[in-house]
Each structure stands twice: as structure tokens, then as C-alpha cells.
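We did not get these values from a lab; they are worked out from the coordinates using the rules stated. Fair warning: this is a prediction, and the values are worked out from it, not measured in the lab.
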């Protein structure tokens, strides 16, 4: 389990970016899906996550409601990794491979997902 961030600049038009695991380490990273940022509608952007090599997950033993899709928007380029206090959150059913969230239009986005990636048998 790790924690890292990758910020996406947004120019007000639809954009698709790859979702990468493993802290972006080029030797172990895997593309597990895409995030599609819609063109803005009434000042809002829909971010749609499509997982191809992972599933949405969270600790099912945790009795508290768990938001596993989190987004933070920024007017300027972020200077550091977000502290985990994302403004926009939603819960996607564990095991699902797609989900979406609507957030305010802005210039940059940080997206955090709780996902499970299959591990090969050893």
C-alpha cells in the first residue's frame, strides 16, 4: 500500500488520462484504467473512472461509510501531495469497475482512488 499523487491540468475540454498504480515507478507501474474529465456544464465537470485492471475497493470490515473516489480541485498548480483532505468524495460500490463524480470546474485536479489490483499467484 502506498500514497502518492499525480496532478492533472485541465483546460476546459474533455480529457482522458491513464490511471497509474505503484507511485508512478516506471519499473513496476501498471495502467489500471482511465479517468475522463468532461467538458464543463454549468460550471461543473464530470470525472468518470473506468478501471480495466483493478476494482474499486475499501476495507469492508470498517463499520464507517468509506468514500473510495476522492477529488480535489485547484486554481493554481499544486505545490505538494494533498494531505488526504479532499473536498469532493463519493462511494463507488466495492467490486465495481466504473464510477463518476461531479465537481466544480477548475484548472487542476488531484484524484485519489481506493482500488484493488489482482496479484499473480506465487
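Here are the numbers for the structure shown:
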{"item": "GNM result for the chain, Cα springs below 10 Å: residue of 89, 80, 30 fluctuating most strongly", "result": "80"}
{"item": "Separation of alpha-carbon centers, the range 26-46 and the range 91-109, rounded to whole Å", "result": "9 Å"}
{"item": "The range 7-115: mean projected area of Cα convex hull, nm²", "result": "7.3 nm²"}
{"item": "Candidates 110, 43, 99, ranked by Gaussian network fluctuation over the chain, Cα under 10 Å, top entry", "result": "43"}
